[in-house]
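Input: a single structure, listed below in structure tokens.
Here, each number is a calculation from the coordinates, and none is a lab measurement. The shown structure was predicted, so the numbers you read here are calculated from the model rather than taken from an experiment. For neighbour counting, all protein chains shown are included, and Cβ atoms are generated from backbone atoms with ideal geometry for every residue, glycine included.
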Amino acid sequence: MMRRQGDPTLDEVEPEIARMLEEFGYELVLAELKGPVGRQILTVYVDKIGGVTSEDCAQVARRISVLLETLDAVRYNYDIVVSSPGGERPLTREADFDRFAGEKAALTVERSHRKVTLTGRLRGLRDSCVVLETDSGTVEVPMENIVAARLDGDWNDKEDLTW
């Protein structure tokens, strides 16, 4: 799994949100809790086969709100924003790197205490390393060095948009 800045509240509710979404046919792509306590925003990116509509986002927001009230995990004011991951979909799980093999992607990698972004075509996951074909050759990036990853969103060069 990629490195992630942990938030105790998010760490507590994210698995429950993912389970609930799965029951309704959605996939949790990414959840983020940002902002000052008392005014935080929980942003949840969801996807489903065939794509996500604005009505899907509204329904998911309502369901998450009810779930969080039931869990009583967030003990202060917050807003919920639900969105499709869009063309620059975050890659957050190891399975994403195989699932989107062949697509263009950008990986933010930490090397020697500095971050660099590598771009190229995903070739999958091999021995806990993401294989990325770049303009200067194929590189294997250990998962633990990846800070963030996303599809590049260049729709003009996609081989297959279905999954």
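Using a Gaussian network model on the chain with a 10 Å cutoff between Cα atoms, which of Ile17, Ile41, Ile64 fluctuates the most?
Fluctuation is largest for Ile41.
Please determine, in degrees from 0 to 90 and to the nearest 10, the orientation of helix 54-71 with respect to the longest principal axis defined by the Cα atoms of the chain, where the helix direction is its Cα long axis.
Computed tilt is about 60 degrees.
Which percentage, to the nearest 5, of the DSSP beta bridges contained in the chain is antiparallel? Display every interim value, and only then the final one.
Values: 32 of 38 bridges.
If I count the DSSP bridges inside the chain, around 85 percent turn out antiparallel.
How big is the gap, in Å, between the Cα center of the range 67-108 and the Cα center of the range 1-66?
7
Using the number of other C-beta atoms within 10 angstrom as an exposure proxy, rank Ser112, Ser84 with the fewest first.
On the way: Ser112 5, Ser84 17.
Going from sparsest to densest Cβ surroundings: Ser112, Ser84.
How far is helix 8-23 tilted, in degrees, relative to the longest principal axis of the Cα atoms in the chain, given as a value from 0 to 90 rounded to the nearest 10?
The two axes meet at around 90 degrees.
Sort the range 8-83 into rounded, prolate or oblate with this rule: let a ≥ b ≥ c be the square roots of the eigenvalues of the Cα gyration tensor; rounded if a/c is under 1.5, and if a/c is not under 1.5, prolate when a/b is larger than b/c, oblate otherwise. Don't skip to the answer; put the middle values down first.
Details: a/c = 1.90, a/b = 1.61, b/c = 1.18.
Because a/c hits 1.5 or more and a/b exceeds b/c, the range 8-83 counts as prolate.
Tell me which label goes with the value of Rg and Dmax of the Cα atoms in Å computed from the coordinates here: [x] 16.9, 51; [y] 17.4, 61; [z] 14.7, 44.
[x]
Using a 10 Å cut-off around each Cβ, can you sort Val66, Val131 from fewest to most neighbouring Cβ atoms?
Values: Val66 11, Val131 19.
Placing the least packed residue first, the sequence is Val66, Val131.
What FRET efficiency, computed as 1/(1 + (r/R0)^6) with R0 = 25 Å and r the Cβ-Cβ distance, is obtained for Thr134 and Ser112, rounded to the nearest 0.05?
Values: r = 19 Å, r/R0 = 0.75.
E(calc), rounded to 0.05, equals 0.85.
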